[in-house]
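Asker: First the structure, which I've put down as C-alpha cells, then a few questions once you've had a look.
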Amino acid sequence: MTTITYTHGIVDVIKSSLRRFGKGFTRYIEIASYTRASSELARQGYHKEAKALMLELAAVKERS
C-alpha cells in the first residue's frame, strides 16, 4: 500500500512540474509573438498599431 501512495506522490510532483513548465513556456511564446509582431508592424510603418499591440502585451503580462 505504501508503494502505491509513494508512486502517486511522485506522479503528482511530475505532473505539477510539467504543468508549471507548460504555462511558463506558453507565456514566453505569447510574449515573444507579441513583441515580434509589433516590431514588424513598426518596421512597416504602422506605428499606431504597433503601439496598441505593445499596450495589449503589457495587459497580458499583468494578468499572467
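Where a number appears in this text, it was derived from the coordinates with a stated rule and is not lab data. Since the model is a prediction, treat every value here as computed from it, not as a measurement. Quick reminder, even Gly has a Cβ in these numbers, built from the backbone with ideal geometry, and neighbours come from all protein chains shown.
Asker: Cross-link partners among aspartates and glutamates for Lys51, C-alpha distance below 13 Å, same-chain residues fewer than 8 apart left out?
Answerer: Glu40
Asker: Which of the following values of percent of Cα pairs over 13 Å apart was calculated from the structure shown: [x] 66; [y] 70; [z] 63?
Answerer: This structure yields the entry labelled [y].
Asker: Separation between the Asp12 and Ala58 pseudo-spin-labels, each 7 Å from Cα along Cα→Cβ, expressed in nm?
Answerer: Each label point lies 7 Å from its Cα, and together they span 4.2 nm.
Asker: Just to confirm a number: summing +1 for Lys and Arg and -1 for Asp and Glu over residues other than Gly24 whose beta-carbon lies under 14 angstrom from that of Gly24, what do you get? Could the numbers behind the result be given before it?
Answerer: On the way: positive: Arg19, Arg20, Lys23, Arg27, Lys61; negative: Glu30.
Taking every other residue near Gly24 into account, the sum is +4.
Asker: Another question about this same structure. Straight-line reach from Lys23: which lysines have a Cα under 25 Å away, not including same-chain ones fewer than 8 places off?
Answerer: By straight Cα distance, Lys23 reaches Lys15, Lys61.
Asker: Could you give me the ³J(HN,Hα) list for the range 12-18, computed from phi with Karplus coefficients 6.51, -1.76, 1.60 and θ = phi - 60°, whole Hz, x at Gly and Pro?
Answerer: So the Karplus estimates, Gly and Pro as x, are 5, 5, 5, 4, 5, 5, 5 Hz.
Asker: Using only the alpha-carbon atoms, how far is helix 47-63 inclined from the longest principal axis of the chain? Give it as 0 to 90 degrees, nearest 10.
Answerer: Orientation of helix 47-63: about 20 degrees from the principal axis.
Asker: Further question on the same structure: Between Ser39 and Arg19, 0.36 nm times their residue separation minus their Cα-Cα distance comes to what?
Answerer: 4.2 nm
Asker: Please list 3J(HN,Hα) in residue order for the range 20-27, calculated via the Karplus relation 6.51 cos²θ - 1.76 cosθ + 1.60 where θ = phi - 60°; whole Hz, with x for glycine and proline.
Answerer: With the stated coefficients, the range 20-27 comes to 5, 4, x, 5, x, 5, 4, 4 Hz.
Asker: Can you give the charge dipole size of the chain about its Cα centre, rounded to the nearest 20 debye, using +1 on the beta carbon of Lys and Arg and -1 on the beta carbon of Asp and Glu?
Answerer: I would put it at about 60 debye.
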